[in-house]
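Below: one structure, written as structure tokens.
The values are calculated or read from the model by the stated rules, or taken from the named source; none is laboratory data. Everything quoted here is computed from the prediction, not taken from an experiment. Cβ: placed from backbone, ideal geometry, glycine included. Neighbour counts: every protein chain shown. Ligands, DNA and RNA are stripped out before the accessible areas are found, and what is left, the full protein with its side chains, is counted by its heavy atoms. Shrake-Rupley method; radii C 1.70, N 1.55, O 1.52, S 1.80 Å.
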Amino acid sequence: MSAGRTVVIPHLGRVEGHGGIFVRVEGNRVSQVQMDIFEGSRYYEALLKGKHFAEVQGIITRICAICSASHTVTALQALENALGVTVSERVHDLRGLLLLGATIESHALHVFALALPDFLGFESVLAMAQEFREEVVFALRLKQLGNQIQELIGGRAVHPINTLVGGFGKLPRHRDLELLRGQLEASLPVLDRFVDLAASLKLPELPQAPTVYVALRPYQEAFRFFRAGVAAAQAVLLVGIFAVFVVWQYRLLSRKDGYGPS
Amino acid sequence: MENGKKPKVGIFGLTGCAGDQLQILNCEDELLWLAENLEIVDWVMAKADNDHLCRLDLAFVEGVVATQRDLEDLKAIRARAKRLVGIGTCAVWGGLPAMQNALSREVLQREVYGADPSFLDSVEALPPSAFVPFDLLIPGCPIEKHEFIQAVRSLLVGALPELPKVPVCWECKTKENLCRVIYFREVCCGAMTRGGCGARCPSHGVACAGCRGPVEEPNYDSNITMFADRGISWMDIAQRLKNFSTPLWIKQGLEKEVQRERR
């Protein structure tokens, strides 16, 4: 038997969802990788059949709790396309803001509670709080701000209820939005310290495939999740990059030196 | 709890969206207090170094049983936990994953995956409360943060919290909302749904979807009359009402009344 190792993580921790991984290493070559996704099937597509269109958002949002805002907005846009409904700029902006709130919450959760403990040698954010209480309190505050944006616009952070075909049940008050903006801006200086912390982290040495980065052209020069267009010239460039990428990946996968499936 | 030591706690998710576990993490103001008062030894979603075997004083479970593995995991949790608490409508009533329980898994798999994938471990989605006895069941989709914190406070002193006995309808009137049924003639489940959410949806101009499951004594007969008087058929309301608690409807023999013809 060669110098082989087996790495098994039956239930991957600190992610949303259920999965495990099995890795077999022979010498310095990975010979086998298996992922075991034992997440139960819930058949959401089938659940929708026969439902009234106004119920769709409330069902689809429950695919996932952390990204329920994304499922909601996607469902609403699909319904509006199907029904030929056009929404106002304000509705687009508020939905974008809802998604940004969800992103802040989700990323704060991931970075500070799920990933950072590993880098600093703690088994959880709660254990980390023993030594880094101030930092954890700040991280939780940032996460909370993301949730408060979602609560203000979506009515609730997990599974929004205020988000409807055509717009919203109740519009947020201007002064509530201003209050949130003030709190977010106040958190920026402390966030700088976290950027420094993140920059100081030692990342493990891992072989990496050369990466092709693809991005959307921003709509009206702002960071947005939708209505981002691709200008014609850039489209050609992106198609070109994509074609090169496909050919190069094909060649990579055909290699016999252990990089890629055997 | 016992001997003045912190109770050993496990938090688990079966098949679900993880929303109730996320709500625990969403108690940002109380999270450090929770850590100081509970010894969370098994929570795969939030920590590494989990003890999957030790005895637990308290176990929280969210989600439905939708796979064989879910059932095995649930039984193992019940066996090792002194107190078992179900969190979320899925755990209590079955929730959305159970919505089409009248259809077989084969039909659902064909509709979604286009074939009968035999490798899928997929069983009829039922609430864990249908398989093992629970000490406490907290509905909500997701659970209310304040109900979770209150439950923990009660459990820490060896007591069980009381669930609200009023329907959402009562909370809605307390907020002086215009009634979605009487004023807007909408299909609103509030009169038959367990309160505790503060009638959040009607307060945003949206009819109650019944996500917290049925209230005690929903009084369907009077509700049928009230809706009929406003031109809303029982079929319309039942279609909405059963979404989050279909297993109960099937058990009561009501499912065939509301199963619409599917394409």
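Condition first: facing chain B (nearest Cβ under 9 Å) and open to solvent by 20 Å² or more (accessible area, probe 1.4 Å). Now tell me which residues in the stretch A:63-80 satisfy that.
From the stretch A:63-80, those facing chain B (nearest Cβ under 9 Å) are A:63-66, A:68; that's our starting set.
Listed by number, the residues that qualify are A:63, A:66.
Looking only at helices (runs of 4 or more DSSP H) that fall completely inside the stretch B:40-128, which ones have 1 or more residues that are touching a strand residue (DSSP E or B) at 6+ places or on another chain (Cβ under 9 Å), over 22 Å from residue B:160 (Cβ atoms) and within 7 Å of another protein chain (Cβ to nearest Cβ)?
Helices (runs of 4 or more DSSP H) meeting the threshold: B:68-80.
Taken together, the residues in the stretch B:193-222 that are assigned to a helix (DSSP H, G or I) and either small (Gly, Ala, Ser) or modelled with pLDDT under 90 (or both) amount to 4.
Residue pairs whose Cβ atoms lie under 6 Å apart, separated by 6 or more positions or on different chains, with the first residue in the stretch B:225-236 and part of a helix (DSSP H, G or I) and the second not acidic (Asp, Glu), are B:227/B:237; B:234/B:224; B:236/B:187.
Considering the stretch B:147-163, and only residues there that are within 16 Å of the chain's Cα centre (by Cα) and in the same structural domain as residue B:32 (by the TED database), the residue that is surrounded by the most Cβ atoms within 10 Å (Cβ to Cβ) turns out to be B:148. Residue A:108 - would you say it is assigned to a helix (DSSP H, G or I), within 13 Å of another protein chain (Cβ to nearest Cβ), over 21 Å from residue A:88 (Cα atoms) and under 19 Å from the mean Cα position of the chain (by Cα)? Yes, satisfied. Is it the case, given these coordinates, that residue A:19 is under 30 Å from residue A:124 (Cβ atoms), open to solvent by less than 30 Å² (accessible area, probe 1.4 Å), at pLDDT below 95 and not assigned by TED's automatic domain parsing to the domain that holds residue A:165? Taking the combined requirement at face value, the residue satisfies it.
Any residue at all in the stretch B:129-146 that is in a helix (DSSP H, G or I), among the aliphatic types (A, V, I, L, M) and in the same structural domain as residue B:23 (by the TED database)?
In the first step, residues of the stretch B:129-146 are kept if they are in a helix (DSSP H, G or I); the result is B:129-130, B:145-146.
Those left that are additionally among the aliphatic types (A, V, I, L, M): B:130.
Right, trim to in the same structural domain as residue B:23 (by the TED database) and you get B:130.
Checking the stretch B:129-146: at least one residue is in a helix (DSSP H, G or I), among the aliphatic types (A, V, I, L, M) and in the same structural domain as residue B:23 (by the TED database).
Residues are listed down the side, and each one gets a yes or a no for (1) within 19 Å of residue A:11 (Cα to Cα); (2) modelled with pLDDT of 95 or more; (3) open to solvent by 30 Å² or more (accessible area, probe 1.4 Å):
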{"position": "B:38", "(1), (2), (3)": "no, yes, no"}
{"position": "B:41", "(1), (2), (3)": "yes, yes, no"}
{"position": "B:64", "(1), (2), (3)": "yes, yes, no"}
{"position": "B:86", "(1), (2), (3)": "no, yes, no"}
{"position": "B:104", "(1), (2), (3)": "no, no, yes"}
{"position": "B:131", "(1), (2), (3)": "no, yes, yes"}
{"position": "B:136", "(1), (2), (3)": "no, yes, no"}
